[in-house]
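Remarks on the structure that follows.
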Amino acid sequence: MRIDLHTHSRASDGTQSPDELVRAAAAAGLDVVALTDHDTAEGWAEAERAAADVGIGLVRGMEISTRHEGQSVHLLAYLPDPTYPPLAEGLTRILEGRVSRVPDVVARLNALGIEITEADVAAVSGDSAASGRPHVADALVQRGVVGDRTEAFTRFLNPGRPAYVDRYAAPLTDMIDAVAGAGGVSVIAHPWGRRSDERPDAATLEALAERGLAGIEVDHQDHAPAARERLRAIATDLGLVATGSSDHHGTGKVDHDLGCHTTPPEQLHRLLELAAAAAARSGRATPQPLLLP
Ligand code: AMP
Ligand code: ZN
Ligand code: FE
Ligand code: FE
């Protein structure tokens, strides 16, 4: 049973449609895939049709942009009802922040002498509900300014680089509450990704577990092997679910092939049980995966 619980489609900043993504997941030998676009459930319906067609399990999810103690934290939410008002309102505010940032980023690039327009960004982001820096990066590639997304981030878009613009992210604890109220479960994505200072630390994760956090993503390309083992030990200590996933973005992110990290079936079972309990408590009808392992 091969299970990948973190992927992106063109509903956010992946390069495949939800249909293409699910078919690629089946072709890669996955039995279960979660679609976890940034801050939106827009891709779910299309992914659901494809999953039914190819006969693999789909877990409906999203990756919510949050902030905690001054730090950006990506929160994976599985099986929440996205119409639950506190969740829907949080997502709307985040998506508005994404849209309103684009003109600022374009203006900063223009100030550097780079010819790029908001229309260029809109042309590559297409029907994405969650426009992001990767779309600006793609527009820079199309303009011939950079060779790929990575170069665009390194030269212009990463924090500290000249075209970086911050945007709204929802308070982490509010979103953990909102996901639980929506009948879903929360897992912190790549908690120590691209960081060497091991924050959020074990004490913070313990407090978040008490707040209702269900798990942490342990096996992820952005974690060094030693960090994975430390996080796995913390998950065991705190009784948190430990997941592993690709964070696939189609061709938008190298070394994140579908299934490059996977989640053990017993860990998915625990997540599904916790989601069922949250759904029973909240009275929200949580959509279930198509095929249970
Ligand atoms: P944003 O959502 O606008 O804050 O942009 C963050 C997204 O950019 C995340 O999905 C990351 O996966 C992606 N990202 C960050 N750094 C890179 C990179 N060097 N190459 C490609 N994608 C990246
Ligand atoms: Zn992304
Ligand atoms: Fe992320
Ligand atoms: Fe992601």
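The values are calculated or read from the model by the stated rules, or taken from the named source; none is laboratory data. Fair warning: this is a prediction, and the values are worked out from it, not measured in the lab. Glycine gets a Cβ as well: all are built from the backbone with ideal geometry, and neighbour counts include every protein chain shown. With ligands, DNA and RNA removed, areas are computed over all heavy atoms of the protein, side chains included. Shrake-Rupley method; radii C 1.70, N 1.55, O 1.52, S 1.80 Å.
Observations
- Helices (runs of 4 or more DSSP H) enclosed by the range 1-115 - at least 3 residues per element that are modelled with pLDDT of 95 or more and within 16 Å of ligand 4 (Cβ to nearest atom): 18-27, 85-111
- Of the criteria (1) more than 16 Å from ligand 2 (Cβ to nearest atom); (2) among the hydroxyl-bearing types (Ser, Thr, Tyr); (3) in contact with a strand residue (DSSP E or B) (Cβ under 8 Å, 6 or more places away or on another chain), which one Ser282 fails: (3)
- Index of the failed condition, Asp138 passing every other in (1) within 12 Å of ligand 1 (Cβ to nearest atom); (2) under 30 Å from Glu198 (Cα atoms); (3) not hydrophobic (A, V, I, L, M, F, W, C): (2)
- Identity of the residue in the range 32-71, without any contact (Cβ under 8 Å) to a residue 60 or more places away in the chain and more than 18 Å from Pro82 (Cβ to Cβ), that ends up least open to solvent (accessible area, probe 1.4 Å): Ala50
- Hits in the range 215-232 - residues which are touching a helix residue (DSSP H, G or I) at 6+ places or on another chain (Cβ under 9 Å) and open to solvent by 10 Å² or more (accessible area, probe 1.4 Å): Asp219, Arg230
- Failed condition for Val165, given (1) on the phi < 0 side of the Ramachandran plot; (2) open to solvent by less than 10 Å² (accessible area, probe 1.4 Å); (3) not in a strand (DSSP E or B): (2)
- Only residues that are in contact with an Asp or Glu (Cβ under 7 Å, 6 or more places away or on another chain), open to solvent by less than 20 Å² (accessible area, probe 1.4 Å) and farther than 15 Å from Ala189 by Cα were counted across the range 233-261, and they come to 2.
- Only one of the listed residues (Ala152, Ala130, Ala123) is more than 12 Å from ligand 1 (Cβ to nearest atom), of a type outside the set (Val, Ile, Thr) and at pLDDT 95 or above. That residue is Ala123.
- Total residues in the range 3-31, condition within 16 Å of ligand 2 (Cβ to nearest atom) and either small (Gly, Ala, Ser) or on the phi > 0 side of the Ramachandran plot (or both): 5
- Residues in the range 175-222 that are under 20 Å from Gly283 (Cβ atoms) and assigned to a helix (DSSP H, G or I) were compared, and the one that is nearest to ligand 3 (Cβ to nearest atom) is Met175.
- Scope the range 173-208; condition among the acidic types (Asp, Glu) and more than 18 Å from Ala242 (Cβ to Cβ); matching residues: Asp174, Asp177, Asp197
- For first residues located in the range 232-244 and more than 15 Å from Thr263 (Cβ to Cβ), partners that are of a type outside the set (Lys, Arg) and lie 6+ apart or on another chain with Cβ distances below 7 Å form the pairs Ile234/Ala202; Ile234/Leu205; Leu238/Leu205; Leu238/Glu206; Leu238/Ala209.
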